[in-house]
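Here the structure is laid out as structure tokens; the discussion comes afterwards.
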Amino acid sequence: MKYTLALFLLLSATAQSQEPKALSLSGRIELPNVENRIDHFSADLKGQRLFMAALGNHTLEVIDVREAKRLRTLPDLAEPQGVYYDSASDRLIVACAKDGAVKVFDGASYQLLNTAKFSADADNVRYDTRGHRVVVGYGDGALAFLDTGGKKTGEIALDGHPESFQLEQAGTRVFVNVPDKKEIQVADLVKNTVLAKWPVTSALKNYPMALDEAHHRLLIGCRSPARMLVIDTETGKQTASVEIVGDTDDLFYDAAKGRVYVIGGQGFVDVFAQKNADHYDRTAHIATAAGARTGLFVPDWGKLFVAVPHRGEQRAEVLIYDTK
């Protein structure tokens, strides 16, 4: 009996050691002369480019993913936060916090084409495929709509500054994290009105968000305490809460693999396996670097990018993980 148990444990340990890792570090892209905080990303799938908002450096960094090197730096941006690359128009849209400017660049020449001015704190940028327009969160509470040329076409008023927000693909709703109000605000993208306000109280500072539309779930990253909250998008009710890495500013849902990747400034990426809509098991806690709390998951490439800021001997770089 003792021999049988020992053999079982040995075989189990061997099988576990042979299981592929969810994330495998496959490369690093050095970013010399990039200082201070790094914010959000966008990707050019066809051109194999990555666009990184280097907020504290007042630059946008253009990265060649295939060659794993920086291609270009766009300077003199007033704390860039959100960025979106539109492949159809070959336009690059960059939202800036300090002056509220949203700048539109030509994606080939990087020439500045237009600037839309908002009151303050232009932040996250998304694209509304149904309305063929760019959506920008800004100021004390609004989502603004722009065409890809930078012309404002409308907005939805909110009760506080919008952090991460996600748009339905099969519906017309947008879900918005409004941490100052301890809420998720839900708006209709056709009627341009707020439909509901869902309280977020079991954990606060709800910044990043991902949408699992197939299971009707929002995944919300909170910092105080560090938890991922699962919200039913049909009822607005919380259905689960799991502990995550601290100081998260980006999390992503991998629908193909049924996983969640949570990037935290505490210096780790947490990987969760989705058992069903309301059950998540942490399968990996991968060390990255202090302050590395933003990045981008690109499903088409099967890669997760993590931004590492310069701190002391720690160099600014982008870590590249292959999803397995």
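Looking at segment 111-126, is at least one residue crowded, with 20+ Cβ neighbours inside 10 Å, under 22 Å from the mean Cα position of the chain (by Cα), closer than 21 Å to residue 87 by Cβ and modelled with pLDDT of 95 or more? Scanning segment 111-126 turns up at least one residue that is crowded, with 20+ Cβ neighbours inside 10 Å, under 22 Å from the mean Cα position of the chain (by Cα), closer than 21 Å to residue 87 by Cβ and modelled with pLDDT of 95 or more. Of all residues in segment 279-308, those being open to solvent by 10 Å² or more (accessible area, probe 1.4 Å) and assigned to a loop (DSSP other than H, G, I, E, B) number 9. Checking each residue in segment 127-154 for being open to solvent by less than 10 Å² (accessible area, probe 1.4 Å) and more than 21 Å from the chain's Cα centre (by Cα) picks out only 150. Under 6 Å between Cβ atoms, at least 6 apart or on separate chains: pull out the pairs that start in segment 24-43 with a residue that is modelled with pLDDT under 95 and end on any residue that is outside any loop (DSSP other than H, G, I, E, B) and open to solvent by less than 20 Å² (accessible area, probe 1.4 Å). From segment 24-43, no pairs qualify.
Counting residues in segment 1-13 that are of a type in the set (Gly, Ala, Ser), open to solvent by 80 Å² or more (accessible area, probe 1.4 Å) and modelled with pLDDT under 95 gives zero.
Do you know which of the residues in segment 76-92 that are free of Cβ contacts under 8 Å to residues at least 40 places away in the same chain and aliphatic (A, V, I, L, M) is most open to solvent (accessible area, probe 1.4 Å)? Quick ask: steps written out before the conclusion?
The initial filter retains those residues of segment 76-92 that are free of Cβ contacts under 8 Å to residues at least 40 places away in the same chain, namely 76-79, 90.
Applying the additional criterion that residues be aliphatic (A, V, I, L, M) yields 77-78.
Numbers: 77: 6, 78: 21 Å².
Once the filter is applied, the top-ranked residue is 78.
Restricted to segment 13-115, the set of strands (runs of 3 or more DSSP E) holding at least 1 residues that are under 21 Å from residue 249 (Cβ atoms) comprises 23-30, 41-44, 49-54, 59-64, 80-86, 91-96, 101-106. When segment 309-324 is filtered for residues that are closer than 21 Å to residue 272 by Cβ and surrounded by fewer than 19 Cβ atoms within 10 Å (Cβ to Cβ), the ones remaining, listed by number, are 322, 324.
Residues of segment 268-278 being crowded, with 19+ Cβ neighbours inside 10 Å and part of a loop (DSSP other than H, G, I, E, B), which ones? Result: no residue meets the conditions. All conditions but one from (1) under 20 Å from the mean Cα position of the chain (by Cα); (2) buried (at least 22 other Cβ atoms within 10 Å of the Cβ) apply to residue 104; the one that does not is (1). Evaluate the following for residue 183: is it over 18 Å from residue 93 (Cα atoms) and out of contact with any strand residue (DSSP E or B) (no Cβ under 6 Å at 6 or more places or on another chain)? Judged against the criteria, residue 183 is not a match.
Would you confirm, using the coordinates I've provided, whether residue 136 is modelled with pLDDT of 95 or more, touching a His at 6+ places or on another chain (Cβ under 9 Å) and within 25 Å of residue 198 (Cα to Cα)?
no
The values are calculated or read from the model by the stated rules, or taken from the named source; none is laboratory data. Just so it is clear, the structure is predicted and the values come from calculations on it, not from any experiment. Using ideal geometry, Cβ is built from the backbone for each residue, glycine included, and neighbour counts are taken over all protein chains shown. Just the protein is used for accessible areas: all its heavy atoms, side chains included, with ligands, DNA and RNA removed. Shrake-Rupley method; radii C 1.70, N 1.55, O 1.52, S 1.80 Å.
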